[in-house]
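The values are calculated or read from the model by the stated rules, or taken from the named source; none is laboratory data. All values derive from a computational prediction rather than experimental measurement. For neighbour counting, all protein chains shown are included, and Cβ atoms are generated from backbone atoms with ideal geometry for every residue, glycine included. Just so you know, the surface numbers come from the protein's heavy atoms only, side chains and all, with ligands and any DNA or RNA stripped out. Shrake-Rupley method; radii C 1.70, N 1.55, O 1.52, S 1.80 Å.
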Amino acid sequence: MSVRHAMLALLSEGSSYGLHLREEFEARTGDVWPLNVGQVYTTLQRLERDGLVASEGDEDGPGAQKMFRITQDGARELDTWLRTPPDLSSPPRDELVMKVLIALRVPGASVSEVIQAHRRYLVELMQQWTRIKEDADPADLSLGLAVDAELFRLDAVVRWLDAADARIKRVTADAAPADTPAAATTPAPPHTSVIESLPRMPLTTNRKVRTRR
Amino acid sequence: MRNHPPLVELRAVSKTYGQGHAEVHALHDVSLVADTGEMVAVMGPSGSGKSTLLTIAGTLEDPTSGQVLIGGQSLASMPRSAKARLRRQTIGYVFQDFNLLPGLTAAENVSLPLELDGMSARKARVAALRALDGLGLENRAGHFPDQLSGGERQRVAIARATVGQRKLVLADEPSGALDSVNGEAVMRLLHSACKNNAMTAIVVTHDAQLASWADRIIFIRDGRITDQTIPAVGPESLLTVEPEK
Ligand SMILES: Nc1ncnc2c1ncn2[C@@H]1O[C@H](COP(=O)(O)OP(=O)(O)OP(=O)(O)O)[C@@H](O)[C@H]1O
Ligand SMILES: [Mg+2]
């Protein structure tokens, strides 16, 4: 979310002074979205230049004393933005997928331990979000919804890890030599690598791997 | 340096089912401590030994080797009658198939364990209704199990397990048939009972969102505890604002 659309959203509720917008913005998003409050006045200036908001009052002031209102173009822009799906085509967990795929190929790496390290980290994060939800005022909808979104996102990653773990375990079990019936009931010692028994798989994702940032 | 024993302690517990070819090592050398007021979640793949761990911690089954202590007392040295009392008064169970008694209403299912314990029928009913109320079932108290939805039956089972100041609640997938809002209500209730009534809970779940209500999460795999979460310093760290560039 941009400061730009946050301003349009606040102004859609009625005209407001720059200073008040800044305070509102801080109060509503400070907890949940990491947006820069310092950008409020410059953003308002640009919105005015683009004809999406209009102002009156102290012409040359910093914006704090000006009264802003949303224009028709601004309202249209806000509506379009609300309906435009964000870009989800590049999942944020690329790096995690890559690490698990690489772990499959690194001799001596225990994939299940690699997976568990990530699983634990994610679940610990989820515990922290859940504590925030537990302590939150149930009437604070924006906090509750934002925390839920975060929890569902992390949960999806954990489920991917669980599925990967199970898939790898099945493939390794199938690949285990048939003359060791004990292998079916006796779990491998925790530090044994599963790599040896895995067919070498080409790292087909190489092309798609992006270095983020 | 504790000044009181943990409420539940498993010491090097192993459990083997069957013999010879049919032998299954369901648990290997599992040690686990749950303190008073603590809520512990157990996560792990299907068949990893979660239910086995719970039935052994709940004294419903004996370990093949190792020790189980409840309130510092070893179960092995406990007379049968004392064990039975423990199961009736101290421990509440929510099973994977939450067996309610079909001939009793929801309220009667919840109040029965209290009455068995010697509470008057009137008092037990009041407590039962309060527990049902807390789980959004105030309008279902007079329904029989076959008149309830799967998720409602599950919540009745949870009310029954938590009613009457139980010290230890053991729950196996307590939110299996519940949608996320009701699942959350169950976990919220269990966690607040741990904090406010000094209850201890061990909850088995495969759902990370539900597990995240616990104070500590234990990961089990092939009958062994492989890892556990480390409590966070404070959740506030997540809410510090990093300005975007
Ligand atoms: N009474 C029994 N006799 C023989 N084997 C058993 C018995 N109970 C459980 N097992 C076996 O012990 C292992 C652990 O079972 P358990 O029920 O504890 O798994 P779980 O982690 O609860 O799985 P799920 O998530 O599917 O409920 C499984 O391989 C199971 O087949
Ligand atoms: Mg089970």
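Before moving on, here are some points about what is shown:
- From the list B:87, B:188, B:153, the one residue that fits, being closer than 20 Å to residue B:43 by Cα and not aromatic (Phe, Trp, Tyr), is B:188.
- Residues satisfying the stated conditions in the range A:22-43, i.e. more than 8 Å from chain B (Cβ to nearest Cβ), at pLDDT below 85 and open to solvent by less than 30 Å² (accessible area, probe 1.4 Å): A:25, A:29, A:40
- Tally of residues being assigned to a helix (DSSP H, G or I) and either surrounded by fewer than 19 Cβ atoms within 10 Å (Cβ to Cβ) or within 16 Å of ligand 1 (Cβ to nearest atom) (or both) across the range B:190-210: 5
- Filter result for residue B:174 (under 14 Å from residue B:99 (Cα atoms), within 16 Å of ligand 1 (Cβ to nearest atom) and either of a type in the set (S, T, N, Q) or open to solvent by less than 20 Å² (accessible area, probe 1.4 Å) (or both)): yes
- Only residues that are out of contact with any Leu (no Cβ under 9 Å at 6 or more places or on another chain), outside any helix (DSSP H, G or I) and of a type in the set (D, E, K, R) were counted across the range A:127-160, and they come to 1.
- Among the residues examined, residue B:69 does not qualify as within 16 Å of ligand 2 (Cβ to nearest atom) and either touching a residue at least 40 places away in the same chain (Cβ under 8 Å) or β-branched (Val, Ile, Thr) (or both).
- Test for residue B:179: is it within 16 Å of ligand 1 (Cβ to nearest atom), closer than 28 Å to residue A:150 by Cα and among the charged types (D, E, K, R): no
- Residue B:13 within 16 Å of ligand 1 (Cβ to nearest atom) and within 14 Å of chain A (Cβ to nearest Cβ): no
- Pair list, Cβ < 8 Å and 6+ apart or interchain, from the range B:171-198 residues that are away from chain A (no Cβ under 14 Å) to residues that are within 16 Å of ligand 1 (Cβ to nearest atom) and open to solvent by 50 Å² or more (accessible area, probe 1.4 Å): B:172/B:95; B:172/B:96; B:173/B:96; B:173/B:206; B:176/B:96
- Enumeration of residues in the range A:115-131 that are over 15 Å from residue B:211 (Cα atoms), open to solvent by less than 40 Å² (accessible area, probe 1.4 Å) and either out of contact with any strand residue (DSSP E or B) (no Cβ under 9 Å at 6 or more places or on another chain) or more than 8 Å from every other protein chain (Cβ to nearest Cβ) (or both): A:115
- Complete set of residues in the range B:159-184 that are more than 25 Å from residue B:126 (Cβ to Cβ) and either part of a helix (DSSP H, G or I) or of a type in the set (Lys, Arg) (or both): B:180, B:181, B:183, B:184
Condition check ((1) among the basic types (Lys, Arg); (2) away from ligand 1 (no atom under 16 Å from the Cβ)) across all residues:
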| residue | (1), (2) |
| --- | --- |
| B:29 | no, no |
| B:38 | no, yes |
| B:52 | no, no |
| B:60 | no, no |
| B:67 | no, yes |
| B:73 | no, yes |
| B:83 | yes, yes |
